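Student: This is the structure I have questions about; it appears just below.
The values are calculated or read from the model by the stated rules, or taken from the named source; none is laboratory data. In this text the structure is predicted, and so the values were computed from the model without any measurement. Here the Cβ positions follow ideal geometry from the backbone for every residue, glycine too, while neighbour counts run over all protein chains shown. All accessible areas refer to the heavy atoms of the entire protein, side chains included, with ligands and DNA or RNA removed. Shrake-Rupley method; radii C 1.70, N 1.55, O 1.52, S 1.80 Å.
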Amino acid sequence: MSASVLRLSSMIVAFALPMAAHAATVAIDVRGFDGKPLQGAVVTIETPKAPGVTVRGPYMIEQRDIAFQPHVLIVPVGATVGFPNRDRVRHHVYSFSKTKKFDLKLYGQEDARTVLFDRPGVVPLGCNIHDSMSGFVFVTATPFAALTDQAGHVSITGVPAGTGTVRVWHPSIRAPGSTASQPIDVAATGFATTFVLHR
């Protein structure tokens, strides 16, 4: 698994079924290279039984206090994301990514631009005026995706029982696509695991 390896310490736990029969809750804790909880990692679950994504919205990344807020935004394929400027200075938002290349020319306070994200993948963001600004749009084709909290934890409901793949993305992961993955087998009663990243 390239330079980054996931060690999977798993246990089956009982959960109340939140949706239809054979739909379970998957609880995952992610630990970084230092063993501490990893906040802001995107966890996705891929399974052949997954339904298609639903585009609801609105989806938005503000430019506020010379920063992209939120720093990481998860959206489904087909989502349109707004980029409103809440600062008193102008911004020039762009991305050179293969997933979605775009260039939003200079615009000022309370102006907004939108971008359609029609392919899955990670879209790094930058500002042509403020080099310190960085952010990411994570475009997913699975409805089972969540961002780890301060405790490095996510809980994803409605996952069909059976085999699947968990993928963890974070800019610090030294692997292709900054992603590490691990197969899992979800029981109808649920599944819980801790992912520890190793160099």
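Student: Can you check how the C-alpha radius of gyration of segment 108-169 compares to 2.2 N^0.38 Å, as a plain ratio?
Tutor: Scaled against compact globular proteins, the figure is 1.51.
Student: In nm, to one decimal, how far is the modelled label at residue 150 from the one at residue 105, with both set 7 Å along Cα→Cβ?
Tutor: 4.3 nm
Student: Please state the charge dipole magnitude for segment 89-140, taken about the Cα centre, from unit charges on C-beta atoms (+1 on K and R, -1 on D and E), reported in debye and rounded to the nearest 20.
Tutor: Computed about the Cα centre, the dipole is about 220 debye.
Student: Residues with amide H under 5 Å of residue 111's amide H, sequence separation 5 or more or different chain, H placed in the peptide plane at 1.01 Å from N; which?
Tutor: 85
Student: Using a 1.4 Å probe and counting only protein heavy atoms, arrange 130, 71, 22 so the residue with the most accessible area comes first.
Tutor: 22, 71, 130
Student: Which of 112, 196, 173 sits closest to the plus end of the dipole of the chain, meaning its Cα is farthest towards the positive end, when Lys and Arg get +1 and Asp and Glu get -1 on the C-beta?
Tutor: My answer, from the dipole projection, is 173.
Student: Another question, if that's okay. Suppose accessible area is computed on protein heavy atoms with a 1.4 Å probe; arrange 88, 119, 167 from highest to lowest.
Tutor: 88, 119, 167
Student: Mean projection of the alpha-carbon convex hull of segment 140-192 over all orientations, in nm²?
Tutor: If you wrap the Cα atoms of segment 140-192 in a convex hull and average its projections, you get 4.3 nm².
Student: Given labels modelled 7 Å from the Cα in the Cβ direction, how far is it in nm from residue 172 to residue 62?
Tutor: My value for the distance between the label points is 2.7 nm.
Student: Between residue 188 and residue 46, how many nm apart are label points set 7 Å from Cα along the C-beta direction?
Tutor: Inter-label distance under the simple model: 2.8 nm.
Student: Keeping all protein chains in position, work out how much accessible area residue 53 exposes to a 1.4 Å probe, and write it in Å² to the nearest 10.
Tutor: Accessible area of residue 53: about 50 Å².
Student: While we're on this one: Using a probe of 1.4 angstrom, how much of the accessible area of the chain is carbon and sulfur, in percent?
Tutor: Of the solvent-accessible surface of the chain, carbon and sulfur hold 53 percent.
Student: Let me ask something additional. Explain nothing, just the number: dipole magnitude of the chain about its Cα centre with +1 on each Lys and Arg Cβ and -1 on each Asp and Glu Cβ, in debye rounded to the nearest 20.
Tutor: Around 340 debye, computed over the chain.
Student: Quick one: Karplus J couplings for segment 29-38, per residue in order, coefficients 6.51, -1.76, 1.60, θ = phi - 60°, nearest Hz, x for Gly and Pro?
Tutor: Result, ordered by residue: 10, 10, 10, x, 4, 8, x, 8, x, 9 Hz.
Student: Using the Cα centre of the chain as origin and beta-carbon charges of +1 (Lys, Arg) and -1 (Asp, Glu), tell me which of 69, 121, 162 is placed farthest towards the positive end of the dipole.
Tutor: So the residue we want is 121.
Student: Once you treat every alpha carbon in the chain as an equal point and sum by Debye, what is log10 I(q)/I(0) at q = 0.09 Å⁻¹?
Tutor: -0.37
Student: Using the Kirkwood formula over every pair of different C-alpha atoms, what hydrodynamic radius in Å results for segment 14-111?
Tutor: With all distinct Cα pairs of segment 14-111 included, I get 17.0 Å.
Student: Please give me the summed charge of the neighbours of residue 94: other residues whose Cβ is under 10 Å from its Cβ, Lys and Arg +1, Asp and Glu -1.
Tutor: Net local charge, residue 94 excluded: +1.
Student: Using each residue's phi in segment 47-55, evaluate 6.51 cos²θ - 1.76 cosθ + 1.60 at θ = phi - 60° and report the 3J(HN,Hα) Karplus result to the nearest Hz, with x for Gly and Pro.
Tutor: Taking θ as phi minus 60°, the curve returns 8, x, 8, 6, x, x, 6, 10, 8 Hz for segment 47-55.
Student: Taking the solvent-accessible surface of protein heavy atoms with a 1.4 Å probe, what is the per residue accessible area of the chain in Å²?
Tutor: 50 Å²
Student: Please compute the net charge surrounding residue 38, taking Lys and Arg as +1 and Asp and Glu as -1 over other residues with Cβ under 11 Å from its Cβ.
Tutor: Charge balance near residue 38 sits at -1.
Student: Taking segment 81-199 as the region of interest, what is the percent of Cα-Cα pairs per 5 angstrom bin, listed from the shortest bin to the one with the maximum distance?
Tutor: 2, 9, 16, 18, 16, 14, 11, 7, 5, 2, 0
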